[in-house]
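Everything on this sheet refers to the single structure shown next.
The values are calculated or read from the model by the stated rules, or taken from the named source; none is laboratory data. Since we're looking at a predicted model, the values are computed, not measured. Note that each Cβ is placed from the backbone with ideal geometry, even for glycine, and that neighbours are counted across all protein chains shown. Heavy atoms of the whole protein, side chains included, go into the accessibility calculation; ligands, DNA and RNA do not. Shrake-Rupley method; radii C 1.70, N 1.55, O 1.52, S 1.80 Å.
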Amino acid sequence: MSYILHLGHQPTDVSGIAGMLSTVAGGFDANLDINGVRFIGSRTYAAPFSVAFTPPVGDLWLGFRYVPPNADSENITEATANFLDIYDASQVRIAQVQPLSSTKRYHAIARGDTTVQGGSSYTASNGQPQWIDVRVSVGTSITIDFYVDGVLQSSATAANTQGKGKPVQIVFANTGLHGTSTTRTWYYAHFAVLDGVPTIGRRFVRRTPNAIATFSQMAGSIDALKDEDVGTRVSSNAAGQRLSFSLTGPTGPAAVAAIAGVHVKQVAQAGTAGPQAVAGFLRMGGVNHDAAPITVPSLAPRGVYSTWALNPTDGSAWTSVTLPAEVGILSA
């Protein structure tokens, strides 16, 4: 079972960002990926985007890299300014991080039986990249903690006797994040939504399919997996078919304290007939190491994650030397 609820900022990953991907240096960490998300707008122009996921069992953790507006980000003037909202399955807002014109700071806000606003020590720095982490806990109370570069900046807790549910959607509101009517630019990258696992200090390196390797048992070209378009696909008409490939892309920072896991992500959809489940697998030393299959819906594609916390060949911790060079997908 993977603790990954969501990874990535590609068009297939995030709702509402078509045309906003950017390769501008500084908008993302080149050790981790090859692009970020660029937003351009004035203080009164909002263009929200969102990520959706299954409800977590434990606390929700959200992590991402944020480059605030490149000027006037410390001067919040709009009463309706908003950074991000978190919703449950009933589309009820349960938590929020909101910049306030009264303080010029970003505040954690819990929305349970009442709305509780936490104090804040965070003012956005113009154009300076920073790592944002948010924890949301939902039970008899709702708690939201807001961190910047690993430091807690704001926290709020509200009673939840009305039984508001676990989070299933995060909306990046992008409203009033600076204090001028002039158009400004800011960036997001490296979204990670985890179930019960802190995102603080945790980074994900995104590598993508390069070339067909040992298995090519599915219909369609490897190019369909490389173009980030859910309209182009590979397909399987029988359980047990495999497609494997080598990888390309960044290999991560030079200095890594530890590698917590290897994750294979696929965006999959069941057909009206044939296999109804998929799995990821690693191929190492001529041996396939299959993850548990996951049933996928037929109405729309969804992200499926397979995770190996340890090297499956011997149960040892991953190192940069033992990371798999060939991964694949399996119909089931």
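Details
- Filter pass, Q162 being more than 30 Å from E326 (Cβ to Cβ) and under 15 Å from the mean Cα position of the chain (by Cα): no
- Residues in the range 277-320 that are part of a strand (DSSP E or B), modelled with pLDDT under 95 and surrounded by fewer than 18 Cβ atoms within 10 Å (Cβ to Cβ): R302 only.
- Restricting the range 1-21 to residues that are in contact (Cβ under 8 Å) with a residue 12 or more places away in the chain and within 15 Å of N174 (Cβ to Cβ), the residue that is surrounded by the most Cβ atoms within 10 Å (Cβ to Cβ): H9
- Qualifying residue in the range 22-36 (condition: in contact with a Pro (Cβ under 8 Å, 6 or more places away or on another chain), among the polar types (S, T, N, Q) and open to solvent by 10 Å² or more (accessible area, probe 1.4 Å)): yes
- Taking strands (runs of 3 or more DSSP E) as the structural unit, those lying wholly within the range 1-86 and holding at least 1 residues that are of a type in the set (G, A, S) correspond to 36-41, 49-52, 60-67.
- Sub-7 Å Cβ pairs linking a first residue in the range 280-294 that is closer than 10 Å to P312 by Cβ to a second residue that is of a type in the set (S, T, Y) and open to solvent by 50 Å² or more (accessible area, probe 1.4 Å), at least 6 apart or interchain, are M284/T313, ordered by first then second residue.
- Pair list, Cβ under 6 Å, 6 or more apart: the range 212-241 residue more than 23 Å from L299 (Cβ to Cβ), other residue among the polar types (S, T, N, Q): A213/S244; A213/S246; T214/S244; F215/S244; Q217/Q241
- Residues (in a strand (DSSP E or B), under 24 Å from A332 (Cβ atoms) and of a type in the set (S, T, N, Q)) located in the range 217-260: S235, S244, S246
- Residue-level check: of (1) touching a residue at least 60 places away in the same chain (Cβ under 8 Å); (2) more than 30 Å from L247 (Cβ to Cβ); (3) open to solvent by 10 Å² or more (accessible area, probe 1.4 Å); (4) outside any strand (DSSP E or B), T123 misses just (1).
- Options T140, T115: the member that is open to solvent by 20 Å² or more (accessible area, probe 1.4 Å), more than 25 Å from R43 (Cβ to Cβ) and polar (S, T, N, Q): T140
- When residues of the range 87-107 are limited to those that are assigned to a strand (DSSP E or B) and among the hydrophobic types (A, V, I, L, M, F, W, C), the one surrounded by the most Cβ atoms within 10 Å (Cβ to Cβ): A95
- Pick from the range 67-86, criterion of a type in the set (V, I, T) and closer than 20 Å to Y45 by Cα, ranking: surrounded by the fewest Cβ atoms within 10 Å (Cβ to Cβ): T80
- Cβ-Cβ under 9 Å pairs, at least 6 apart or on other chains, the range 139-155 side without any contact (Cβ under 8 Å) to a residue 12 or more places away in the chain, far side surrounded by fewer than 18 Cβ atoms within 10 Å (Cβ to Cβ) and assigned to a loop (DSSP other than H, G, I, E, B): V151/S121; L152/S121
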